[in-house]
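The values are calculated or read from the model by the stated rules, or taken from the named source; none is laboratory data. Computed from a predicted structure; not experimentally measured. All Cβ positions, even for glycine, are placed from backbone atoms using ideal geometry, and neighbour counts span all protein chains on display. Calculation scope for accessible area: heavy atoms of the full protein, side chains included, ligands and nucleic acids excluded. Shrake-Rupley method; radii C 1.70, N 1.55, O 1.52, S 1.80 Å.
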Amino acid sequence: MRLPEAPTKAISLGARGFRHGRSKQWFQGPPGGRQRYQRPSTMKTRVASALLCACITAFKPLSAQAPRPRSAVTHIVVDADQGRDTISRHIYGQFAEHLGRGIYDGVWTREGSGAWHLRDDVIAALRRIQVPNVRWPGGCFADYYHWRDGIGPAARRPRMVNTIWGNVVEDNSFGTDEYIELVVRIGAEPFVVGNVGTGSPREMAEWWEYINHPGGSSIADERKANGHAAPYNVRRIGVGNESWGCGGAMRPEFYADQYRRFAEFLRPFNDSTRPFRIATGPNVDDYNWTDVVMREAGRMIDGLDLHYYTVVGPWAHKGSATQFSEREWFLAAKGALRMNELVTRHAAIMDKYDPRKRVALIVGEWGMWHDVEPGTNPGFLYQQNTLRDALVAAITLDIFNNHADRVRGANIAQMVNVLQSMILTRGPQMLLTPTYHVFDFYTVHHDALLLPITIENAGYYVLGADSIPAVSATVSRDQRGVVHVTMSNVDPTQPRTIVAELRGVSATSAAGRILTAPAINSYNSFEQPDVVHPVAFTAARVANGKLTITLPAKSVIVLELR
Ligand code: AHR
């Protein structure tokens with residue numbers, strides 16, 4: 001999709017690209033390794049920004065006093081006969097870290113029997129959205145984690161303090177074998193992240209042997225003794241996490257060498273265990289990181305892991321997940337749209353070293369990061385999830401889909417009870433968030449052929465002096481030949497009429513579902529778990545090769561063309 005640039009002046013998004021310190025350090029500013037986020041822009045980045053602004057202002061700016069336009073018509077052209085790239089289902093990956101109640105309470109519980117076990121309700125819900133992979137055990141936790149602590153009889157596993165996330169005692173009852181059981185039951189593939197920060201190449205290689213060697217070696221036989229005769233055939237492995245920050249505060253030159261050293265010892269035992277090695281990628285717009293790591297280690301990398309969170313306010317006051325103004329709604333959408341620029345520019349650098357696009361860009365952490373819910377442990381990152389989060393998810397997933405040639409994996413942070421979750425739990429209760437429903441809608445795109453679209457007039461959502469494109473979309477054809485459309489209107493005040501010219505599609509009708517809600521901050525609570533839920537969508541017509549949709553304000557739809 002060619003997204004139109006927003007015809008606006010740049011506005012401050014607060015510290016949206018800035019990242020965080022840890023535990024108590026959130027309130028005191030970032031630790032040493034985080035300084036890089038807060039440095040003033042270098043000359044190079046200023047020049048880049050200036051060029052970008054020049055591009056942006058080349059489009060006709062809307063008047064600062066412009067009245068809100070009445071509902072406009074958005075024209076889209078779908079070139080269904082020009083599909084080339086498959087939308088990897090791995091774009092819909094999840095992330096489960098040993099953080100707060102993400103694992104313990106989230107997927108691993110003592111409810112009922114008193115013994116630790118996986119939660120059937122959460123697993124059933126995750127199966128419904130066809131989760132393709134789950135990234136684990138972190139996040140920052142990965143570079144503290146020693147896999148041997150999490151195998152064998154639970155009573156003999158060491159207890160450690162999770163110093164990075166809330167200083168709670170981690171009993172290691174959820175380790176490698178439990179994680180594999182979880183992903184198997186969800187129907188997902190594993191994606192493990194190895195420890196570079198406090199680990200060694202030997203430790204990572206032995207983990208690889210534990211999970212993947214068929215048997216006969218002492219380490220593989222240890223897995224058998226733990227009740228798992230068959231190897232797990234894991235392919236995806238991250239070589240460290242955020243090695244520029246919590247994973248070791250490394251410079252890209254140093255990390256590239258470390259990556260080469262660690263990755264060298266991840267050997268295949270057979271074709272099912274050929275490693276798909278994922279390098280720590282850039283923090284937001286650190287284009288130098290991408291350049292250096294691709295230049296020095298690109299030939300040994302299968303995936304490069306970009307991290308970007310949408311944060312509305314400055315880091316110390318990111319803002320409430322549920323109590324926000326229309327301006328904060330707007331800024332969230334604008335922050336989500338920034339992903340398009342990040343992916344485009346990182347991909348362009350990757351093209352320099354990898355013109356055939358062998359290396360995947362994996363957006364291994366993304367999503368909205370708000371202030372924690374009042375009264376909860378600040379180290380647990382527990383936040384509510386409103387219709388705003390759902391729109392951010394839809395916009396972001398459309399960007400990934402429309403960059404399917406290079407973006408071949410992504411992991412929203414995080415799966416349950418942490419940041420922008422699919423699911424929240426309270427004791428034995430569970431609820432589905434608005435974001436869950438967007439992931440449900442978008443299952444139609446998993447491994448489907450991306451059909452190129454051109455949005456000729458996205459219909460701008462104007463707020464004060466600023467504006468952004470209101471409409472975002474993906475169109476794909478699945479393996480049965482069925483064409484699906486997902487589309488959102490982020491403008492909370494105006495409906496949009498969409499007229500899509502369908503080139504190369506023969507359809508006579510369209511039907512689907514819509515997600516919207518009474519207010520921009522509507523959300524599902526344990527008291528009212530169904531405030532934001534999908535319903536049938538009937539305002540779409542196909543006639544004379546054109547699809548006409550009346551897209552309500554603040555809504556996401558999925559349609560099947562018949
Ligand atoms: O998702 C929370 C944290 O954000 C992860 O642990 C880390 O990788 C990132 O900075």
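Out of the total accessible area of the stretch 338-435 (probe 1.4 Å, heavy atoms of protein only), what percent is carbon and sulfur?
Numbers: 1310 of 2370 Å².
Carbon and sulfur atoms account for 55 percent of the accessible area of the stretch 338-435.
Relative contact order for the chain: 20 percent, from Cα pairs under 8 Å spaced at least 6 residues apart, divided by residue count.
Pairs of Cα atoms nearer than 8 Å and 6+ residues apart set the relative contact order; for the stretch 474-562 it is 46 percent.
Magnitude of the charge dipole for the chain, about its Cα centre and with charges confined to Cβ atoms of Lys, Arg (+1) and Asp, Glu (-1), is about 980 debye. Solvent-accessible area per residue in the stretch 435-562 equals 35 Å², computed with a 1.4 angstrom probe and all protein chains kept. Atom-type composition of the exposed protein surface of the stretch 444-562 places 51 percent of the accessible area on carbon and sulfur (1.4 angstrom probe).
Full extension of the segment from S217 to D257, taken as 0.36 nm per residue of separation minus the current Cα-Cα distance, would add 11.5 nm.
As a size descriptor, the averaged projected area of the C-alpha convex hull of the stretch 261-332 was calculated at 7.9 nm². A Förster radius of 41 Å, combined with the Cβ-Cβ distance separating S325 from V73, puts the computed FRET efficiency at roughly 0.90. Compared with the direct C-alpha span, the chain from R299 to A511 gains 71.8 nm at full extension, assuming 0.36 nm per residue.
Given a 1.4 angstrom probe, I'd like the percentage of the accessible area of the stretch 83-184 that is carbon and sulfur, rounded to a whole number. Can you show the working numbers first?
Values: 1810 of 3640 Å².
About 50 percent, which is the carbon plus sulfur part of the accessible surface.
Could you please put F439, F254 in sequence from largest to smallest accessible area, using a 1.4 Å probe? Walk me through the intermediate numbers first.
Details: F439 5, F254 100 Å².
Per-residue accessible area, sorted high to low, gives F254, F439.
First select every other residue whose beta carbon is under 15 angstrom from the beta carbon of R513; then total the charges, Lys and Arg +1, Asp and Glu -1. Let's see the in-between values first.
Working: positive: R128, R562; negative: D440, D530, E560.
Around R513, the charge tally is -1.
Projecting label points 7 angstrom from Cα along Cα→Cβ for T497 and R84 puts them 3.5 nm apart. The residues of the stretch 320-404 expose on average 28 square angstrom of accessible surface per residue, using a 1.4 Å probe on protein heavy atoms. Of the residues I237, W289, Y309, the one whose Cα sits farthest toward the positive end of the charge dipole of the stretch 233-317, with +1 on the Cβ of Lys and Arg and -1 on the Cβ of Asp and Glu, is I237. Based on the alpha-carbon gyration tensor of the stretch 429-562 and its eigenvalue square roots a ≥ b ≥ c, which shape applies: rounded if a/c is under 1.5, prolate if not and a/b is larger than b/c, or oblate? Oblate.
Using the Cα centre of the stretch 394-516 as the reference point, and only Cβ charges (+1 on K/R, -1 on D/E), how large is the resulting charge dipole? Debye, rounded to the nearest 20. List each step's numbers first, then the result.
Values: 8 positive and 9 negative charges, 57 e Å.
Computed about the Cα centre, the dipole is about 280 debye.
Quotient of the Cα radius of gyration of the chain and 2.2 N^0.38 Å, N being its number of residues: 0.94.
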